[in-house]
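Visitor: My structure is below; once you've seen it, I'll send some questions.
The values are calculated or read from the model by the stated rules, or taken from the named source; none is laboratory data. Since we're looking at a predicted model, the values are computed, not measured. Cβ sites come from the backbone with ideal geometry, for glycine too, and all protein chains shown count toward neighbours.
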Amino acid sequence: CKAVLYKGSWPVQPIFDFLRSKGSIPEAEMYRIFNNGIGMVVLVDKEIVDDVMQQFSALGETSYVIGEIAPRKGKEAQISI
């Protein structure tokens, strides 16, 4: 399987844009090194995602659906953005 991340599905903090531009860091490296600000990742079945997000919200946390797990073919990368 592979992780498929939906680009633009979470807010990227300005510091990451600053680092990318000042350091001339390619976008792929920003994801690899800094995760562009993705904090904790929780994998849940799509049938309960709304319930889990409501529970995070009740705890004062902001959550986003940032991707999915999909089949991987052959030597395809383990992460796709």
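Visitor: Which pairs have Cβ atoms under 9 Å, sit 6 or more apart or on different chains, and link a residue in segment 58-81 that is under 17 Å from ALA3 (Cβ atoms) to one that is loosely packed, with under 11 Cβ neighbours inside 10 Å and of a type in the set (Lys, Arg)?
Guide: Partner pairs satisfying both residue conditions: VAL65/LYS46; GLU68/LYS46.
Table: residues versus (1) touching a helix residue (DSSP H, G or I) at 6+ places or on another chain (Cβ under 8 Å); (2) modelled with pLDDT of 95 or more; (3) among the hydroxyl-bearing types (Ser, Thr, Tyr).
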| position | (1), (2), (3) |
| --- | --- |
| ARG32 | no, no, no |
| ASN36 | yes, no, no |
| MET40 | no, no, no |
| GLY60 | no, yes, no |
| GLY67 | no, yes, no |
